[in-house]
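As structure tokens, the structure follows; a few thoughts come after it.
The values are calculated or read from the model by the stated rules, or taken from the named source; none is laboratory data. It should be emphasised that the depicted structure is a prediction, and the values quoted were computed from it without experimental measurement. We place every Cβ from the backbone using ideal geometry, glycine too, and count neighbours over all the protein chains shown. To get the accessible areas, we keep the full protein, side chains included, count just its heavy atoms, and leave off ligands, DNA and RNA. Shrake-Rupley method; radii C 1.70, N 1.55, O 1.52, S 1.80 Å.
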Amino acid sequence: MTQRLVILWAVLLAASASCVAAASAGAPLVLGIASAQTLNGVAGDYVTVAARIENTSDQAVSDVTTYLSLVNTADKLPVDLEDWSAEKGLYVGVIEPSQALPLDWRIHFVKPGRFALTVVALVAGREMPTVSPVVYFQVEPRNSLDPGHILPVALGMPVVLGLLLLLLNYRRRTRP
Amino acid sequence: MIRLIWAKEVRAELYTWRSALWLLLASLIFSFTSYLLLTNKELTLLDQTELLWLLGKIIVGTALLMVTIDASSILTSEFEHHTAESLFIAPIRLRDLVIGKFLASLTLWGALYVVAVPYMIVAAAGTRLAPAFLGYVALLGTLGVAAMVLLALGIAFLFRSSKNALTTTLVVLLGLTVPALFTSALKSGFVARVFERINPVDSIFAALDNVLVDYQLSPLQNGRFLLPLAGFLVAAFAFAVFAARRFERQGIVRSAS
């Protein structure tokens with residue numbers, strides 16, 4: 001009798017633990033990237049990261065919020081999205097069972113470097129977020145002006161004018 | 001006589017290294033701007049045409065400021081250096097004196113423009129906008145500077161004091177320039193829109209934008225900007241004539257005409 005009670009207790013404990021684990025685990029959402037996994041461009045360019053969020057369960061998932069996370073992989077630091085994207089986050093709300101929704105993010109390449117972007121989905125009440133695969137940005141510097149043309153003039157003109165003024169002064173002093 | 005007055009003023013403005021130092025300073029401003037256009041991370045994101053627009057605004061803005069300051073004192077200095085009496089008892093017509101000094105101030109703008117030309121040419125390299133850039137900066141700058149010089153001369157006739165004339169003219173220039181630098185969001189009200197249409201400095205900046213960024217190169221396509229500028233020039237001319245005649249009527253100087 002005691003042995004049966006112990007087994008029953010163990011079964012109940014396991015069942016309750018699995019219920020808690022299910023509640024605290026990630027939502028049954030899948031975040032995918034439809035656009036290329038690596039996007040190249042020049043600083044100042046705009047690109048679109050096309051993501052897709054899908055509810056793989058047979059129950060609706062509510063209170064879904066998605067947002068972007070951008071990291072500079074060279075500096076190993078997160079990047080403030082202020083100028084990179086007008087939409088930092090998007091409240092999706094409810095996703096019906098088996099429903100898939102597109103998420104397009106217009107990204108402005110603000111500065112050159114190597115960056116990694118992920119789309120994150122948070123569901124209210126869930127402890128684990130759902131994260132998309134990483135999209136890599138390779139942003140080259142933009143040179144609208146040719147330094148080879150500009151720098152000689154920018155450095156040379158004041159020098160030439162300064163020399164002319166010195167010559168003018170010298171001539172005035174040495175003139176009888 | 002006009003030529004003599006013009007030559008005397010230009011010699012005084014450009015002959016000594018101290019008096020010509022402002023040209024070197026203007027060149028340093030253009031060099032610093034060019035350096036910023038190359039190196040500033042935010043500015044390097046702009047298209048080349050927008051960089052040209054920015055450089056054009058800096059050139060015309062610098063010219064307006066420097067030539068206006070000069071024109072404010074070119075007449076009043078005669079009173080403060082006590083040369084006015086001997087000047088006005090000489091057989092010089094007031095009209096010739098004013099035209100000579102007006103042309104001398106415009107010559108300063110010409111000198112500044114010559115200094116700016118290399119910057120404009122290298123900044124426009126790779127585009128087909130160099131002739132339009134050079135031409136419109138010359139046209140708009142000449143109209144704007146001529147109007148401000150006439151305004152400054154008129155104010156100088158009214159005040160006869162460098163300090164007062166300079167302060168008043170600079171306040172007028174600031175009053176025209178600061179609203180022109182506002183973003184379009186700040187110009188959304190009715191009054192702001194009307195002021196934008198009649199403000200000559202706004203017209204200069206908008207015309208440069210229209211030419212360099214929007215590729216509207218013909219003068220007809222820029223008529224809506226050139227007309228207010230021409231209107232401002234006519235108004236400044238009328239004001240200068242009115243102030244000079246008032247100056248004559250007050251009897252301090254008698255014109256030979």
Estimated FRET transfer efficiency when R0 is 56 angstrom, pair A:A116-B:V172 (beta carbons, to 0.05): 0.55
In square angstrom to the nearest 100, the accessible surface buried at the A/B interface, both sides summed with a 1.4 Å probe, amounts to 2300 Å²
Taking alpha-carbon centroids only, the stretch B:11-69 lies from the stretch A:103-176 a number of Å equal to 20 Å
Using a Cα-Cα cut-off of under 24 Å, which lysines could be cross-linked to A:K88, ignoring same-chain neighbours fewer than 8 residues away? A:K76, A:K111, B:K41
Per-residue mean of other chain beta-carbon atoms within 10 angstrom of the beta-carbon, peptide A:147-156? 6
Sorting check: for B:163-172, B:55-64, which peptide has the highest mean count of neighbouring beta carbons within 10 Å, and how do the rest follow? B:55-64, B:163-172
For the residue pair B:V191 and A:V160, what label-to-label distance in nm results when each label sits 7 Å from Cα along the Cα-to-beta-carbon direction? 4.8 nm
Per the Cauchy relation, a quarter of the hull surface: what is the mean projected area of the convex hull of the alpha carbons in the stretch A:26-143, in nm²? 7.0 nm²
So which aspartates and glutamates can B:K187 reach, going by Cα to Cα under 19 Å and dropping same-chain residues fewer than 8 places off? B:E196, B:D202, B:D209
About its Cα centre, how strong a charge dipole does chain B have in debye, to the nearest 20, once Lys and Arg get +1 and Asp and Glu get -1 at the Cβ? 640 debye
Assuming a viscosity of 0.890 mPa s and a temperature of 25 °C, what translational diffusion coefficient in µm² per second does Stokes-Einstein assign to chain B, Rh being the Kirkwood radius over Cα pairs? 127 µm²/s
For a Förster distance of 56 Å, can you work out the FRET efficiency between the beta-carbons of A:S57 and B:L220, rounded to the nearest 0.05? 0.30
Among DSSP bridges having both ends in the protein assembly as shown, what percentage is antiparallel? Round to the nearest 5. 90 percent
Portion, in percent, of the accessible area of the protein assembly as shown that falls on carbon or sulfur, probe 1.4 Å: 65 percent
With every protein chain present, what accessible area does B:F242 have (1.4 Å probe, heavy atoms only), rounded to the nearest 10 Å²? 110 Å²
Testing the spin-label approximation: label points 7 Å from Cα along Cα→Cβ at A:Y170 and B:V234. State their distance in nm. 5.3 nm
